[in-house]
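See below for the structure under consideration.
The values are calculated or read from the model by the stated rules, or taken from the named source; none is laboratory data. Computed from a predicted structure; not experimentally measured. Using ideal geometry, Cβ is built from the backbone for each residue, glycine included, and neighbour counts are taken over all protein chains shown.
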Amino acid sequence: MGKRVALAAVSGLAVIPLLLLAARSLAQSWFWPSLLPPVWSLRAWQYVFSPAAEVLPALMASLSIALLVTLPAVLVALPAARVLAWREFRGKRAVIFALLLPVLTPPLAATMGVHALFLRYGLTDTLIGVALSHLIATVPYATLMLTGSFSRLDPDYEAQARTLGANGFAVLRHVTFPAIAPGLAVAASFAFLISWSQYLTTLLIGGGRIVTLPLTLVSFQRGGDEAIAAALSLVFLAPAAAVAFSVARFLKEGK
Amino acid sequence: MGLREAARRSRVVNLLLQIPLSMPHPAMAGALITVVAPSGLPARAAFALGLIAQPADVPALVNDRYGAGIVLAYVLKEVPFIALMTLALLARLGEDYEQAARVLGASAWQRFRFVTLPLVAPAVISSSLLVFTFIFGAFEVPYLLGRPYPAMLSVVAQQRYLDANLATRPGAIALAVLSTLLTAALAWAYLRLTRVLLGLDRPFIL
């Protein structure tokens, strides 16, 4: 019984916003009090895909920043998580606390501080600068998730492989990597998603020069064209959902 | 809890939860406006049924005094997040503890209160703390669904920071520092409170 209710609630939560956005994006106009749009049209979609909307450059900017963020985030998180999960050392709690600080600090405050620093090094208004600022939020999440994966893996497997004559690379390639691959996929996808949906950091560090999808979307939402905003919402959602779907099956085993 | 039963059986729930999770906040806010705005779909249905005469007859939930639209948007976005975090832990714990309690004669409520709840408390507490701190400093949703004045702290700070008049910038930074301190204090109080209420020995972070 409770199961059915829960299933219905989840499906509703997942599907209804999508349907609403789809309907909005296809409505020519949808004024009070019509329950359904009286006239349907592809106007919003045509506009979104036209060069004038500059959606494609924003999509490319979002994508390149997200990839620029995901790779270093995972590369930094991997060794950190391995040590945090397997070793006991003095001040470990302090390290974990320091790691969590960027997550607990309001992004606005963190970004303002970074902005002052980036101004000095000429990193503002650049793609690299924006990607660096996204790393602040992504590295802690990626590290925490990978720490979970490592702590469920027995360090003795590595020792065993080494006893059997495997060198460092072979251990990594044939023992550690296959064992934490699901966790790695989840951590990478989270890093991607966090970067993908950043608004404030991109706005402040990018200084309006670096325009990503969230910035375009919010400006259309404030600008008042609801059909275009809805179509853009779906364009924005699609890659994120694709990434989330592709790692969903690892969530149970991997995390 | 029913969700876990469902999740165990089907991949579908796991997949469905991904949609609101990956739904960008501004998109969720946009979808929400169609429903809760005074001219939203339920209000139109009420009009069609002759219950109301004009949009002004429904209570405003967008750009309203109490931020109801903001709260609703975040609830829709963050419930799946906490659910996924909790589900991951539950899947790892398995059913053995609950079955043991059932064998020993515990009722459904007792099993939940004394077995399952203490087991999942760490995941619920840490993920809800993450959600709390995130929302406290979040910007897009209050920007889109809130009132222009008095706006939420993060919106005020952002606007002063990006104001053409650079003299307002130190004030914005002061607000950001203030919100950091507030977050820290509230997070600490929350961890203390849950520790007392649930009798956990130490706050759960990792």
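Before moving on, here are some points about what is shown:
- Only one of A:168, A:208 that is within 13 Å of chain B (Cβ to nearest Cβ) and surrounded by fewer than 22 Cβ atoms within 10 Å (Cβ to Cβ): A:208
- In the condition set (1) within 27 Å of residue A:190 (Cβ to Cβ); (2) more than 14 Å from every other protein chain (Cβ to nearest Cβ), residue A:80 is compliant with all but (2).
- Among the residues listed as B:172, B:151, B:157, the single one being assigned to a loop (DSSP other than H, G, I, E, B) and either closer than 21 Å to residue B:36 by Cα or within 11 Å of another protein chain (Cβ to nearest Cβ) (or both): B:151
- Of the helices (runs of 4 or more DSSP H) lying entirely inside segment B:61-122, the ones with 3 or more residues being among the aliphatic types (A, V, I, L, M) are found at B:68-93, B:96-103.
- Number of the exception - residue A:54 against (1) of a type outside the set (A, V, I, L, M, F, W, C); (2) on the phi > 0 side of the Ramachandran plot; (3) touching an Asp or Glu at 6+ places or on another chain (Cβ under 9 Å): (3)
- Breaking point among (1) of a type in the set (Lys, Arg); (2) assigned to a helix (DSSP H, G or I); (3) more than 11 Å from chain B (Cβ to nearest Cβ), for residue A:93: (3)
- For beta carbons closer than 8 Å, sequence separation of 6+ or different chains, a first residue in segment A:140-169 that is at pLDDT 85 or above and a second that is among the charged types (D, E, K, R) and in a helix (DSSP H, G or I), the qualifying pairs are A:146/A:82; A:150/A:82.
- So residue A:57, is it over 30 Å from residue B:171 (Cβ atoms) and more than 15 Å from the chain's Cα centre (by Cα): yes
- Residue match in segment B:111-121 (condition: among the hydrophobic types (A, V, I, L, M, F, W, C) and under 23 Å from residue A:103 (Cα atoms)): yes
- Qualifying residue in segment A:74-88 (condition: surrounded by 20 or more Cβ atoms within 10 Å (Cβ to Cβ), modelled with pLDDT of 80 or more and under 17 Å from the mean Cα position of the chain (by Cα)): yes
- Filtered by the rule that a residue be out of contact with any Asp or Glu (no Cβ under 6 Å at 6 or more places or on another chain) and crowded, with 17+ Cβ neighbours inside 10 Å, segment B:97-127 gives B:98, B:101, B:116, B:120, B:121, B:122, B:123, B:124, B:125, B:126, B:127.
- Odd one out for residue A:60, checked against (1) without any contact (Cβ under 8 Å) to a residue 24 or more places away in the chain; (2) more than 13 Å from chain B (Cβ to nearest Cβ); (3) surrounded by 14 or more Cβ atoms within 10 Å (Cβ to Cβ): (3)
- Residue in segment A:40-51 that is assigned to a helix (DSSP H, G or I), more than 10 Å from chain B (Cβ to nearest Cβ) and under 24 Å from the mean Cα position of the chain (by Cα) present: yes
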